[in-house]
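Following: one structure in structure tokens, then a few remarks.
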């Protein structure tokens, strides 16, 4: 069994420096890896990225992250990623990584994702250039997820997790105004996850959403935005047989 801890949307800034660290020091007692589902900063500044780096530096388990829309706001996403990598975090965008953990080999496919909407009510590649750009960016995010999962398949991990910021299904958006769902998720990400046969998908972004959902193909999807899980991280147990369940650990902090 591989224990996967995950959280997103911590939105760290100077006033929160050190706030989450205390809840992470016993992480290895509860989890084998920590996944960060984007929106790690408030405005995507390098200063905020340094705060995130210090918060998650030198933890007792590997830390894998994707960026979120907030982390792009200051047009310094590359610099934000560099700060996190310097601190030892693995930052993914259209890539997969296999971690050799004591319980087994965990594959993580990481993509920020992008909006688009959901089948039957999504943006279309028609009309103004701005709408075409939005739609094509959403479709491109699916291509990145497909490639990342394909890269993992060749490395034969025991279990695979799809890590995104944007939601791959609408079920975990319930609680958010339906009018903004096209800006919170993208059904094509869910299709890629189903096609690859991932064991778990985790995302953030939907602060008022719902924790638990699933893809059309039955892959468990978990919204780990901190305002949803209300803990320093949630823990999910992954068995090789693809059983996924919320850990019963009472993990609090942050």
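Scoring 161-173, 48-60, 198-210 by mean Cβ neighbours within 10 Å over their residues and listing the highest first yields 161-173, 198-210, 48-60. The stretch between residue 47 and residue 17 holds 9.7 nm of extra length on full extension. This uses 0.36 nm per residue minus the Cα-Cα distance. Spacing of the modelled spin labels on residue 128 and residue 1, each 7 Å from Cα toward Cβ, amounts to 5.2 nm. Between residue 121 and residue 212, the FRET efficiency estimated from the beta carbon spacing at R0 = 30 angstrom works out to 0.85.
Measuring r between the beta carbons of residue 100 and residue 143 and using R0 = 30 Å, the FRET efficiency lands at 0.60.
Averaging 1/r over every pair of different alpha carbons in region 180-244 and inverting the result gives a Kirkwood radius of 12.5 Å. Find the relative contact order for the chain and round it to a whole percent, using C-alpha pairs within less than 8 Å whose residues are 6+ positions apart. With pairs under 8 Å counted, the relative contact order is 21 percent.
Each value in this text was obtained by applying a stated rule to the coordinates, not by laboratory testing. Bear in mind the structure is a predicted one, so any value in this text is a computation, not a measurement. Neighbour counts are summed over all protein chains in view; Cβ atoms, including those assigned to glycine, are modelled from backbone coordinates with ideal geometry.
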